[in-house]
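Visitor: Questions regarding the structure given below will be posed in turn.
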Amino acid sequence: MDVKVLFDQAAAESQNLSERPSNETLLQLYGLYKQATEGDVNVDPPSNPFDFVSRAKYDAWAGLKGQTRETAMKEYVILIDKLKN
């Protein structure tokens, strides 16, 4: 099946997980989703040093710099599959 189709299904399924993933896993999902949909990070880091949430999200995405969109989609699908089981 096409990776994009599987990714879209996994993104929809992520809204219906039986348990809320840990913050670390949520950041992983966020980074993979952004890398899969937008590619390498294309925004400046948060300017407020006390905005820890935005900084963590930025770092999760920036940490995937150079990874292809297709690879990010595959990893996202695998992670959602693990969370469903």
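Visitor: If the requirement is being surrounded by 12 or more Cβ atoms within 10 Å (Cβ to Cβ) and either touching a Leu at 6+ places or on another chain (Cβ under 6 Å) or not in a helix (DSSP H, G or I) (or both), which of these qualifies: 6, 83, 32, 26?
Guide: Answer to the check: 83.
Visitor: Which of the residues spanning the stretch 52-80 are in a loop (DSSP other than H, G, I, E, B) and either among the small types (Gly, Ala, Ser) or surrounded by fewer than 17 Cβ atoms within 10 Å (Cβ to Cβ) (or both)?
Guide: Selection gives 63, 65, 66, 67, 68.
Visitor: In the stretch 9-23, which residues are assigned to a helix (DSSP H, G or I) and closer than 20 Å to residue 56 by Cβ?
Guide: 14, 23
Visitor: Let me ask something else about it. Kindly establish whether residue 38 is out of contact with any Pro (no Cβ under 6 Å at 6 or more places or on another chain), more than 17 Å from residue 2 (Cα to Cα) and of a type in the set (D, E, K, R).
Guide: Yes, satisfied.
Visitor: Take the stretch 41-85 and flag every residue that is touching a residue at least 40 places away in the same chain (Cβ under 8 Å) and of a type outside the set (Phe, Trp, Tyr).
Guide: 70, 72, 73, 74, 75, 77, 79, 80, 81, 83, 84, listed by residue number.
Every number here is computed from the coordinates shown, using simple stated rules; none is lab data. Since the model is a prediction, treat every value here as computed from it, not as a measurement. Positions of Cβ are backbone-derived with ideal geometry, glycine not excepted, and every protein chain shown enters the neighbour counts.
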